[in-house]
Amino acid sequence: MESVSRRKMIKGVAAAAATATWNFQVVPSRVFGANERIRLGAIGTGGKGASDISGSAEAGFEIGALCDVVDVAQYPNVEGRLKSLGGVRRQYPNAPFYQDWREMLEKEAGNLDAVTVSTPDHTHAHATIAALRKGLACYTQKPLTHGIWEARACAKVAAEKGAVTQMGNQAHAGEVLRRSVELIRAGIVGKVKEVHVWTNRPIWPQGIPTYPKGEEVPKHINWDLWTGPAPLHEYSPQILPFNWRGYWDYGTGALGDMACHVMDMSYWALELGAPVSVEAVSADGMGRSTDVSPPTWATITYTFKKGDDEIKYVWYDGYKDAVFNADKWALESKDAPGNKPQKPNYPGDDILEGQPGDEGKGYGTVVIGSEGKMWFQRDKVNWFVKPSARLDGFDFPEPTLLRARGGNPHNEFFDAVKAKDPKMALSGFHQSGPFTEMVLLGNLAVRLGKKVEWDAANLKSPNCPEADKLIKRDYRAGWELDVQV
């Protein structure tokens, strides 16, 4: 097996990267007015929100307003995962602060050009659509939305407004991923028949049978606003600030957290669109999916049609030995109680062929074609192709995709906003909306426990009418979304 980056890469990837900045960074000079300021409002300022604010400021945005349901001014000694909230407030003392993004948009939209939406999954669509309707560009974290219908709604409103948009699957802007897309499309492994993608998530509890016991809401948290459109449960530190991903009402589990990153290259390269069906096998016993929580592991198989050809696409997450320990509110190994899970759900050796599934950060991709295999990781240029003879005489293509400034997603978003050109943001909702729909169909199969046939045009499953309530869920009173899709 031979590393693509060690043989032919000087011609293929390295040369492309050297020239792409000049040939493919299309930013009209007329948009760079010396005194022009582009102002951004941040919805969500902790964790990923803090890094989105930092990245946006470095890209060129002026931070014009801040919003978070946690007001650290009422609790200045906040620590742990909420500590970044205090740092953001100190860094931008002149930016008006709001706890309610609806109030921020009402009062500040006229002073802003764009927003970041870096909140838990269940509020993405609501904040994004409201900002789009105020005429603002939107950079919304992955997954774009909590539900399938919401992804379609966000893409529709963005198209109607002609807005610049971007989903926060950061590697989409990088040279590594874009060059890989070009190589797959150029036929480096021939006609693709299968894709296998995996992750080391979850790193939070899943397989939770019931909600935790409620506690008094700290005064610095607006729990009602945090809950937003979701059903109202009692506050618990076992939900906020970190573990919300393991509850269906708020998060989308391991799949929603990582698939918009790890599936991105192959989905984009193959221009897959919507699958015709999806089915899942997931944990049983103590680790099973519940009405409250995703399972401790899942293997999800999507089937796509490309003309007369069928493409099998398999996703793997979780740990085969993981069980939920309610006393610790954590996952542990059923084989070694008290220890973290040890048996990740990776593809079999017939797929990996001796390559370690846990190389790097514990995620990866294998693309299987008619002429060979390609092993890919989004944060490495050291990809592998087998058989190595496949590289002999391979005609490495010239770059065809736009390159983001510095391979940075916030730069790409800023430059697109400044140019007022939605096409410059390559993970815009025209791309990331359908992608998110596809990703979240996996959770539909997990929750229904059966093969789901899919009619993408009508957002329906012909064989699962019970899926309707999951495709578009009911919202808490006062949080309805008025979008006709």
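The values are calculated or read from the model by the stated rules, or taken from the named source; none is laboratory data. Keep in mind that this is a model prediction, so the values were computed, not measured. So basically every Cβ, Gly included, is an ideal-geometry build from the backbone, and we count neighbours across all protein chains shown.
Every test in (1) of a type outside the set (D, E, K, R); (2) closer than 25 Å to LYS142 by Cα; (3) surrounded by fewer than 24 Cβ atoms within 10 Å (Cβ to Cβ); (4) in contact (Cβ under 8 Å) with a residue 24 or more places away in the chain is passed by HIS220 save one, and that test is (2).
When segment 155-174 is limited to residues that are assigned to a helix (DSSP H, G or I) and farther than 25 Å from ALA457 by Cβ, the one that is nearest to the chain's Cα centre (by Cα) turns out to be GLN170.
Only one entry in GLU453, GLU480, GLU466, GLU398 is acidic (Asp, Glu) and under 25 Å from VAL157 (Cα atoms), namely GLU480. Within segment 449-482, work out how many residues are buried (at least 16 other Cβ atoms within 10 Å of the Cβ), part of a loop (DSSP other than H, G, I, E, B) and free of Cβ contacts under 8 Å to residues at least 24 places away in the same chain. Residues that pass the stated criteria total 2. The set of residues in segment 301-324 that are of a type in the set (Gly, Ala, Ser) and either surrounded by 19 or more Cβ atoms within 10 Å (Cβ to Cβ) or under 18 Å from SER289 (Cβ atoms) (or both) comprises GLY318, ALA322. For segment 189-216, the set of residues classified as under 28 Å from GLY360 (Cα atoms), among the charged types (D, E, K, R) and in contact with a Ser or Thr (Cβ under 7 Å, 6 or more places away or on another chain) consists of LYS191, LYS193, listed by residue number. Checked against (1) crowded, with 21+ Cβ neighbours inside 10 Å; (2) in contact with a Lys or Arg (Cβ under 7 Å, 6 or more places away or on another chain); (3) within 25 Å of GLU175 (Cβ to Cβ), VAL439 passes all but a single condition, namely (2).
Taking the listed residues ALA280, ALA254, ALA274, ALA269, the one that is at pLDDT 95 or above and either closer than 17 Å to GLY174 by Cα or outside the structural domain of ASN200 (by TED's automatic domain parsing) (or both) is ALA269, with no other qualifying.
One line per residue, one yes/no per condition, for (1) farther than 30 Å from VAL78 by Cα; (2) in contact with a helix residue (DSSP H, G or I) (Cβ under 9 Å, 6 or more places away or on another chain); (3) not in a helix (DSSP H, G or I):
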| site | (1), (2), (3) |
| --- | --- |
| ALA153 | yes, yes, no |
| VAL176 | yes, yes, no |
| PRO202 | no, yes, yes |
| PRO205 | no, yes, yes |
| THR210 | no, no, yes |
| LYS219 | no, yes, yes |
| PRO229 | no, yes, yes |
| HIS233 | no, yes, yes |
| TRP268 | yes, yes, no |
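Consider segment 303-324. How many of its residues are over 22 Å from the mean Cα position of the chain (by Cα) and either outside any strand (DSSP E or B) or not basic (Lys, Arg) (or both)? Residues flagged as over 22 Å from the mean Cα position of the chain (by Cα) and either outside any strand (DSSP E or B) or not basic (Lys, Arg) (or both) within segment 303-324 amount to 10. Can you name every residue in segment 123-143 that is within 20 Å of TYR247 (Cα to Cα), under 13 Å from the mean Cα position of the chain (by Cα) and not in a loop (DSSP other than H, G, I, E, B)? Of everything in segment 123-143, those that are within 20 Å of TYR247 (Cα to Cα), under 13 Å from the mean Cα position of the chain (by Cα) and not in a loop (DSSP other than H, G, I, E, B) turn out to be HIS124, GLN141. When LYS161 is tested against the conditions (1) without any contact (Cβ under 8 Å) to a residue 60 or more places away in the chain; (2) out of contact with any Gly (no Cβ under 8 Å at 6 or more places or on another chain); (3) under 26 Å from LEU66 (Cα atoms), the lone failure is (2). Among the residues of segment 283-302 satisfying the criterion of being part of a loop (DSSP other than H, G, I, E, B), at pLDDT 95 or above and touching a helix residue (DSSP H, G or I) at 6+ places or on another chain (Cβ under 8 Å), which is nearest to HIS233 (Cα to Cα)? Among residues in segment 283-302 that are part of a loop (DSSP other than H, G, I, E, B), at pLDDT 95 or above and touching a helix residue (DSSP H, G or I) at 6+ places or on another chain (Cβ under 8 Å), the one nearest to HIS233 (Cα to Cα) is SER293.
Here is a yes/no grid of residues against (1) in contact (Cβ under 8 Å) with a residue 12 or more places away in the chain; (2) touching a strand residue (DSSP E or B) at 6+ places or on another chain (Cβ under 7 Å); (3) buried (at least 21 other Cβ atoms within 10 Å of the Cβ):
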position: ILE38; (1), (2), (3): yes, yes, no
position: GLY47; (1), (2), (3): yes, no, no
position: GLU62; (1), (2), (3): yes, yes, no
position: VAL70; (1), (2), (3): yes, yes, yes
position: GLY87; (1), (2), (3): yes, no, no
position: PRO93; (1), (2), (3): no, no, no
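Are any of the residues in segment 70-81 among the hydroxyl-bearing types (Ser, Thr, Tyr) and part of a helix (DSSP H, G or I)? Within segment 70-81 (the criterion being among the hydroxyl-bearing types (Ser, Thr, Tyr) and part of a helix (DSSP H, G or I)), the answer is no, since none of the residues qualifies.
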